[in-house]
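The values are calculated or read from the model by the stated rules, or taken from the named source; none is laboratory data. Model, not experiment: these values are computed from the prediction. Glycine gets a Cβ as well: all are built from the backbone with ideal geometry, and neighbour counts include every protein chain shown.
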Amino acid sequence: MTRVLLQLILVMLAVGISPRGASAQALFSSEAPVELTLTTNLRDMLRERDSTALRWFGAAMTYTDAGGAVRSMPTELRARGHFRRQARNCGFPPLFIRAEKSVRDSSILQGNPRLKIVTPCRPAQVDYQQYILIEYLMYRTYSVIQDVHHRTRLANITYKDSTNRVAPIVVTAFLLEVGEEVADQHKLQFAETPGALFDDVDATTLDRLSLFEYWIGNTDWSLSALHNVEMLRDSLGIYTPVAYDFDWSGAVNARYSFPNATLGIRTVRERLHRGPCRTAEQWAPTLVHYRAKRAAIDSIWALPLAGLDPKVRADTKGYLDQLWPILDNPRQFGRAVVDICQKLGN
């Protein structure tokens, strides 16, 4: 068995190929990048994204289906997000894409009433394209750690202006399912009520999430404020937090990212645990879980990814590999995680 085949098998096992996976929408049934062309009034959409009343723009989406046929369908696009949406911070905003049910049925969008598109913040700059690819791999890594997660699909996108006032923009982005679809996939209910404390959510999921945020150097999350965390609820009223939006993490290390001044760290590459207070004994099952997933995680970071600079990959992987000695050293883990925590919430 070749090394690449073995790595692929490990990844498949890690993401849990199961009856649930078999029912996944067509969009997420493959990991190969999808080729898309989105034609819209690009100039006006880019100009209006600082508005407090964002509007949807009609767009024609063209793609090649599984049978090799070129298909075109009407969709709508709208700017979204906060920091990356603002013109002073980014040249191109994150987007929503949606289509009517009658249109998306039997298309690549079937089962997805709405999707997020994560596009490079500054498409003309090489390092911003790298941020997208690294953040995509962070979602892939999170999917190994947590059963409930957002599914992703790489997309090579050409944005065209229907009025020919803006030159075409060609990027590699990724498509990200919205929280409501994550909930539906796992037979849970999407909950938008803020104010949750650590004791209000499933402890196992929270511990894995908070250690993940520490691992990747991400302090830009809040359970109580539902900031870069979505909350799902089961029929018994048990809440499951789901992390997303990792571009301000030390792992991505975007040039625009910086930590909150109140946290006492100077850069996003300085790790700071902002999760719950647990004893070393209480943390033990989470550490066992992480160690068991290491081979699958290493496989994700070893597989080829077109466009990713090997130096950027190696730098990020080296940063992530700093976790394992910490987990294996009780004193070091105690100082970094056990002793530094939030008692009630964050």
*Does Val103 satisfy the criteria of being surrounded by 13 or more Cβ atoms within 10 Å (Cβ to Cβ), at pLDDT 90 or above, farther than 20 Å from Tyr139 by Cα and aliphatic (A, V, I, L, M)?*
yes
_Where the second residue is among the charged types (D, E, K, R) and not in a strand (DSSP E or B) and the first is touching a residue at least 40 places away in the same chain (Cβ under 8 Å) and surrounded by fewer than 19 Cβ atoms within 10 Å (Cβ to Cβ) and lies in segment 118-130, which pairs have Cβ atoms under 7 Å and are six or more apart or on separate chains?_
Asp127/Arg255
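Scanning for something of a type outside the set (Phe, Trp, Tyr), part of a strand (DSSP E or B) and at pLDDT 95 or above, does segment 41-55 turn up at least one residue?
Step one: list which residues in segment 41-55 are of a type outside the set (Phe, Trp, Tyr), which gives 41-55.
Applying the additional criterion that residues be part of a strand (DSSP E or B) yields none.
For segment 41-55, residues of a type outside the set (Phe, Trp, Tyr), part of a strand (DSSP E or B) and at pLDDT 95 or above: absent.
Residues that are exposed (fewer than 15 other Cβ atoms within 10 Å of the Cβ), touching a residue at least 24 places away in the same chain (Cβ under 8 Å) and on the phi > 0 side of the Ramachandran plot: which helices (runs of 4 or more DSSP H) entirely in segment 240-346 hold 1 or more of them?
Here the list is empty.
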*Give me the pairs: first residue in segment 33-44 and farther than 19 Å from Ala79 by Cβ, second residue of a type in the set (Gly, Ala, Ser) and modelled with pLDDT of 95 or more, beta-carbon distance under 7 Å, and six or more apart or on different chains, which are they?*
Pro33/Ala155; Val34/Ala155
*asked:* If I ask for residues that are closer than 20 Å to Ile132 by Cβ and buried (at least 16 other Cβ atoms within 10 Å of the Cβ), which ones from segment 167-192 would you list?
replied: Ile169, Val171, Thr172, Ala173, Phe174, Leu175, Leu176, Glu177, Val178
*For segment 61-178, which strands (runs of 3 or more DSSP E) that fit wholly inside it have 1 or more residues that are among the acidic types (Asp, Glu)?*
70-79, 152-161, 169-177
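In the set Ala306, Ala280, Ala292, Ala284, which member is closer than 20 Å to Gln129 by Cα and modelled with pLDDT of 95 or more? Break it down into steps so the answer makes sense when it comes.
Numbers: Ala280 fails: closer than 20 Å to Gln129 by Cα; Ala292 fails: closer than 20 Å to Gln129 by Cα; Ala284 fails: closer than 20 Å to Gln129 by Cα.
Every option except Ala306 fails the conditions.
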*Under the condition of being surrounded by fewer than 21 Cβ atoms within 10 Å (Cβ to Cβ) and either in contact with a Pro (Cβ under 8 Å, 6 or more places away or on another chain) or of a type in the set (D, E, K, R) (or both), which residue from segment 155-166 is modelled with the lowest pLDDT?*
Arg165
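Residue-wise test of (1) farther than 17 Å from Pro241 by Cβ; (2) touching a residue at least 12 places away in the same chain (Cβ under 8 Å); (3) out of contact with any Lys or Arg (no Cβ under 9 Å at 6 or more places or on another chain).
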{"position": "His149", "(1), (2), (3)": "no, yes, yes"}
{"position": "Asn156", "(1), (2), (3)": "yes, yes, yes"}
{"position": "Asp161", "(1), (2), (3)": "yes, yes, no"}
{"position": "Pro168", "(1), (2), (3)": "yes, no, no"}
{"position": "Leu175", "(1), (2), (3)": "yes, yes, no"}
{"position": "Val182", "(1), (2), (3)": "no, yes, no"}
{"position": "Glu192", "(1), (2), (3)": "no, yes, yes"}
{"position": "Phe198", "(1), (2), (3)": "no, yes, no"}
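Would it be correct to say that Thr64 is more than 24 Å from Gln146 (Cβ to Cβ) and either in contact with a Pro (Cβ under 7 Å, 6 or more places away or on another chain) or at pLDDT 95 or above (or both)?
Details: more than 24 Å from Gln146 (Cβ to Cβ): yes; either in contact with a Pro (Cβ under 7 Å, 6 or more places away or on another chain) or at pLDDT 95 or above (or both): no.
No; evaluated as a whole, the condition is false for this residue.
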*asked:* Considering only segment 187-198, I want to know if a residue exists there that is out of contact with any helix residue (DSSP H, G or I) (no Cβ under 8 Å at 6 or more places or on another chain), closer than 29 Å to Pro310 by Cβ and among the hydrophobic types (A, V, I, L, M, F, W, C).
replied: no
*Unique match (being at pLDDT 95 or above, over 30 Å from Gln130 (Cβ atoms) and not assigned by TED's automatic domain parsing to the domain that holds Leu95) among Leu223, Leu206, Leu211*: Leu206
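Scanning for something touching a Gly at 6+ places or on another chain (Cβ under 6 Å), more than 15 Å from Asp245 (Cα to Cα) and of a type outside the set (S, T, N, Q), does segment 99-122 turn up at least one residue?
Yes; the residues of segment 99-122 include at least one that is touching a Gly at 6+ places or on another chain (Cβ under 6 Å), more than 15 Å from Asp245 (Cα to Cα) and of a type outside the set (S, T, N, Q).
The rows are residues; the columns are (1) acidic (Asp, Glu); (2) farther than 16 Å from Arg208 by Cα.
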{"residue": "Arg233", "(1), (2)": "no, yes"}
{"residue": "Asp245", "(1), (2)": "yes, yes"}
{"residue": "Phe258", "(1), (2)": "no, yes"}
{"residue": "Pro276", "(1), (2)": "no, no"}
{"residue": "Thr279", "(1), (2)": "no, no"}
{"residue": "Trp283", "(1), (2)": "no, no"}
{"residue": "Leu320", "(1), (2)": "no, no"}
{"residue": "Phe333", "(1), (2)": "no, no"}
{"residue": "Leu344", "(1), (2)": "no, yes"}
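Criterion first (under 25 Å from Asp309 (Cβ atoms) and of a type outside the set (S, T, N, Q)) does Asp161 satisfy it? Quick ask: steps written out before the conclusion?
On the way: under 25 Å from Asp309 (Cβ atoms): no; of a type outside the set (S, T, N, Q): yes.
Judged against the criteria, Asp161 is not a match.
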